[in-house]
């Protein structure tokens, strides 16, 4: 088992903070790719909620720590030490409170969070008529909730487009679609906003159903959070602000959509960095299936 200490923090609790240490346990379902692949894993960033005390790796070792090339998001590069045994990751977190780092409000600027001209003009119109930035964000959220309905499918809002289009009709979307849309609209309106990727656990459930995301904005000197998709899934309207619009526990792993990293064999791009990437010796990427659990530490 290998350990590393880090002072990077992760916001985590929806509602009251968890008491004492919490451990996020990541177990991979897919086999380790052949050869000597490297595993790219998120390193929780400085923020509000929980401080990362250390990352422990069973049947694996931390080779290095790196930073994305288009933001300041940190990551670990790991290798399996006992294949075919799959590495098991344990993120040990302690309750903490701190403002998020300044870089999350401006980067990365990618096609996933860049507004098309029509969306930019519409968002600026919403903001210009609002007396406060908080109300401007509220109007952007209401607009997204008016047109989005929750659902999975092969198509996304952005598709192959170079930027995020304006919604003008009912549109199916997931948390990824909705919160990328809100970040793009907010930034186009001159509001600092960030795409937040992590995990959400239902009340009383220690296993996450998968990765999740929401968005944060810094308005009138304060940070606000919105989870549009979790509320539209119920459904609930109007969407309310906060980390606990629906009871549950959440942990932030990364900020930014379309993060890029230099890996052996060339660059890699991760659109939602609450998942993991195996880079094989021949330069191919594999996104393994995994499960995440949390327990008291």
(message) Just to confirm my filter: which strands (runs of 3 or more DSSP E) fall fully inside the stretch 155-237 and include at least 3 residues that are closer than 26 Å to residue 72 by Cα?
(response) 192-201, 211-219, 222-226
(request) Take the stretch 47-80 and flag every residue that is farther than 21 Å from residue 265 by Cα and surrounded by 22 or more Cβ atoms within 10 Å (Cβ to Cβ). (result) 47, 49, 50, 52, 55, 57
(request) Identify, from the list 217, 208, the residue that is in contact with a strand residue (DSSP E or B) (Cβ under 9 Å, 6 or more places away or on another chain), buried (at least 20 other Cβ atoms within 10 Å of the Cβ) and modelled with pLDDT of 95 or more. (result) 217
(request) Give the number of residues within the stretch 125-154 that are surrounded by 12 or more Cβ atoms within 10 Å (Cβ to Cβ), without any contact (Cβ under 8 Å) to a residue 12 or more places away in the chain and not in a helix (DSSP H, G or I). (result) 1
(request) Mind telling me which of the residues 94, 16, 85 ends up being modelled with pLDDT of 90 or more, over 24 Å from residue 259 (Cβ atoms) and not assigned by TED's automatic domain parsing to the domain that holds residue 144? (result) 85
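The values are calculated or read from the model by the stated rules, or taken from the named source; none is laboratory data. Keep in mind that this is a model prediction, so the values were computed, not measured. Every residue, glycine among them, receives a Cβ derived from its backbone with ideal geometry; neighbour counts consider all protein chains shown.
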